[in-house]
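Note sheet for the following structure.
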Amino acid sequence: MHSTDFVLFHGILYSFTHLNLKFDTAKSNFEENLDKSSFSSPSDYVRETAKQKTLEVVQRLFSIEESPELIIGADTVVTDGKNIFEKPKDKDHAVEMITSYCGRSHKVLTSVVLITPKSSKVFKGKEPLNEQLDITQFEEISEVFIPELPEEVVRSYVDTGESMDKAGGYGIQAIGGSLISGIHGDYFNVMGFPLHKFCVELRHIYQL
């Protein structure tokens with residue numbers, strides 16, 4: 001699945017066109033090097049990473065004259081309960097990651113951050129971030145099942161190149177979907193963005 005930075009899916013854009021809001025994307029320059037061992041759980045780790053990625057973009061965008069009404073940031077990781085898996089370092093690492101999932105389930109965690117200015121007449125965030133901004137943050141968890149797979153199947157998949165830009169080393173929305181026997185939870189979260197929960201949270205902070 002993709003480790004999402006700042007993306008708004010077309011379905012959401014279509015749903016909110018009546019607000020006359022303009023949407024764009026921005027890549028976070030935050031270096032994702034937080035010490036995993038300093039966090040009590042994978043959920044805490046992905047939550048802080050998502051927050052820091054978003055705040056880096058906030059600092060840049062809110063320095064311009066016309067600040068945005070809403071900034072959406074997110075981060076996705078895969079965990080087996082103990083280890084946290086992000087994007088693989090190389091092909092061998094991708095094979096090692098996928099092989100470790102085989103014959104059991106693993107979880108996909110995404111944390112989404114919504115930043116809104118206190119002056120906004122459109123959105124009202126849940127908690128204050130500072131004197132100018134509010135923050136709304138939530139997580140989604142999906143469980144993914146991959147059966148026992150021959151090593152040649154795993155290596156053939158990794159050789160497609162699809163693994164290298166995906167958190168967890170695979171993409172359910174493409175060839176990687178053929179490795180998966182089932183999921184429990186939000187399919188779009190496994191892709192890297194929990195679409196339904198995002199819509200629910202966005203509705204909560206939208207001021208009618």
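The values are calculated or read from the model by the stated rules, or taken from the named source; none is laboratory data. Fair warning: this is a prediction, and the values are worked out from it, not measured in the lab. Only protein heavy atoms, including side chains, enter the accessible area calculation; ligands, DNA and RNA are left aside. Shrake-Rupley method; radii C 1.70, N 1.55, O 1.52, S 1.80 Å.
Ignoring ligands, DNA and RNA, what percent of the 1.4 Å accessible area of the chain is carbon and sulfur?
Carbon-and-sulfur percentage of accessible area, whole number: 51.
Over segment 84-158, give the accessible area per residue in Å² for a 1.4 Å probe, as an integer.
Value for segment 84-158: 50 Å² per residue.
For every helix of n ≥ 4 consecutive DSSP H residues, a contribution of -39,500 (n - 2.57) applies; sum these over the chain, divide by its total residues, and give [θ] at 222 nm rounded to the nearest 500 deg cm²/dmol. Don't skip to the answer; put the middle values down first.
Working: 6 runs with 62 residues, N = 208.
About -9000 deg cm²/dmol.
Please give the length that would be gained between K22 and D165 if that part of the chain were fully extended, namely 0.36 nm times their separation in residues minus their C-alpha to C-alpha distance (nm, one decimal).
Length gained, K22 through D165: 48.7 nm.
Starting from the Cα-Cα distance between L61 and A174, subtract it from 0.36 nm times their residue separation and give me the gain in nm to one decimal. List each step's numbers first, then the result.
Values: separation 113, 0.36 × 113 = 40.68 nm, distance 3.29 nm.
Working it through step by step, the gained length comes to 37.4 nm.
For the chain, with a Gaussian network of springs between Cα atoms less than 10 Å apart, report the residue from S163, S142, S38 with the top mean-square fluctuation.
Of S163, S142, S38, the Gaussian network model singles out S38 as fluctuating most.
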